[in-house]
1. Scan the stretch 116-135 and tell me whether some residue there is of a type in the set (A, V, I, L, M, F, W, C), modelled with pLDDT of 90 or more and assigned by TED's automatic domain parsing to the domain that holds residue 55.
2. Give all pairs with beta carbons closer than 7 Å in which a residue from the stretch 189-207 that is closer than 19 Å to residue 35 by Cβ meets a residue that is loosely packed, with under 13 Cβ neighbours inside 10 Å; count only pairs at least 6 apart in sequence or on separate chains.
3. Could you list, in sequence order, all residues of the stretch 1-14 that are at pLDDT 90 or above, surrounded by fewer than 20 Cβ atoms within 10 Å (Cβ to Cβ), under 18 Å from residue 58 (Cα atoms) and touching a strand residue (DSSP E or B) at 6+ places or on another chain (Cβ under 9 Å)?
4. With the condition kept exactly as written, say whether any residue in the stretch 179-187 is surrounded by fewer than 12 Cβ atoms within 10 Å (Cβ to Cβ) and at pLDDT 90 or above.
5. Go through the stretch 62-75 and give me each residue that's surrounded by 24 or more Cβ atoms within 10 Å (Cβ to Cβ) and either small (Gly, Ala, Ser) or assigned to a loop (DSSP other than H, G, I, E, B) (or both).
6. For the stretch 34-61, how many residues meet the condition of being surrounded by fewer than 24 Cβ atoms within 10 Å (Cβ to Cβ), in a helix (DSSP H, G or I) and in contact (Cβ under 8 Å) with a residue 12 or more places away in the chain?
7. Every residue in the stretch 154-188 that is in contact (Cβ under 8 Å) with a residue 24 or more places away in the chain and either of a type in the set (Ser, Thr, Tyr) or outside any helix (DSSP H, G or I) (or both), please.
8. Go through the stretch 68-84 and give me each residue that's under 13 Å from the mean Cα position of the chain (by Cα) and over 15 Å from residue 101 (Cβ atoms).
Amino acid sequence: MSERVLLADDHAVVRQGLRALLEKRGLEVVGEAADGQAAVELTTRLRPDVVVLDIVMPRLNGVEAAHHITRACPGVGVILLTMHTEDHYVLDAIRDGVRGFVIKTQAAEDLFQAIREVGRGGMYVSPGISAAVVQALRAAAGPRQPLTHRQLEVLQLLVEGKGTKQIAGVLEISVKTAEFHRTRIMKKLDIHETAGLVRYAIRTGLIEP
């Protein structure tokens, strides 16, 4: 039985290319999403066997989308596409139940193998990412990302240029709550201007330069 796959990447050309490659190998692509929030909504509605998430996406990055998906749809296998062999969010992703990590530059045959493995309930890591490192991360007891998942969502929207009212609308929270998260983010990071938040987001891989 062929795995049902959902693709999420903010570049339409990338999605189309991956779709063509996967369908050529007999996989069924049931949907496409251009941002992390749409990926969560489509996964909840379509219930694919595997969802492939680019790490860097607007509205909700791949790691945060994975956090929501693994809780709303625990039976769905999640694979993250990354441009780097090391990522600041890998530890949180593993703790959230992500079972596949594929380097984007190797995404053709590598991704096909990852989908097959994750679809069977296993774990797949690109050859460029040491499986031993991933296992070490799984057992790591070091400090976690200082921001909560909700604060990371607010931070991403802030650095994308959205105001407090817009953030409240996107996340479906009150303006007062959005402002509270904004204040907590700045206090936790000891960063008190938007430019500094942007630099932090770029440095930690939350957004691309």
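1. Filtering the stretch 116-135 down to residues of a type in the set (A, V, I, L, M, F, W, C) leaves 118, 123, 125, 129, 131-134.
From what's left, modelled with pLDDT of 90 or more: 118.
Add one more test, that the residue is assigned by TED's automatic domain parsing to the domain that holds residue 55, and what stays is 118.
Yes: one or more hits.
2. Final answer for the pair search is 202/209.
3. First pass over the stretch 1-14, keeping only residues at pLDDT 90 or above: 4-13.
With the extra rule that they be surrounded by fewer than 20 Cβ atoms within 10 Å (Cβ to Cβ), the set shrinks to 4, 10-13.
Next, only the ones that are under 18 Å from residue 58 (Cα atoms) stay: 10-13.
Passing the criteria: 10, 11, 12.
4. First pass over the stretch 179-187, keeping only residues surrounded by fewer than 12 Cβ atoms within 10 Å (Cβ to Cβ): 183, 187.
Narrowing further to those that are at pLDDT 90 or above: 183.
Within the stretch 179-187, one or more residues are surrounded by fewer than 12 Cβ atoms within 10 Å (Cβ to Cβ) and at pLDDT 90 or above.
5. 62, 65, 66
6. 5
7. Of the residues in the stretch 154-188, the ones in contact (Cβ under 8 Å) with a residue 24 or more places away in the chain are 154-160, 170, 178, 181-182, 184-185, 188.
160 - this is the single residue of the stretch 154-188 that is in contact (Cβ under 8 Å) with a residue 24 or more places away in the chain and either of a type in the set (Ser, Thr, Tyr) or outside any helix (DSSP H, G or I) (or both).
8. Matches in the stretch 68-84: 68, 69.
The values are calculated or read from the model by the stated rules, or taken from the named source; none is laboratory data. Only a predicted model underlies this, so the values are computations on that prediction, with no experimental measurement involved. Reconstructed Cβ throughout: ideal geometry from the backbone, glycine too, with neighbour counts over all protein chains shown.
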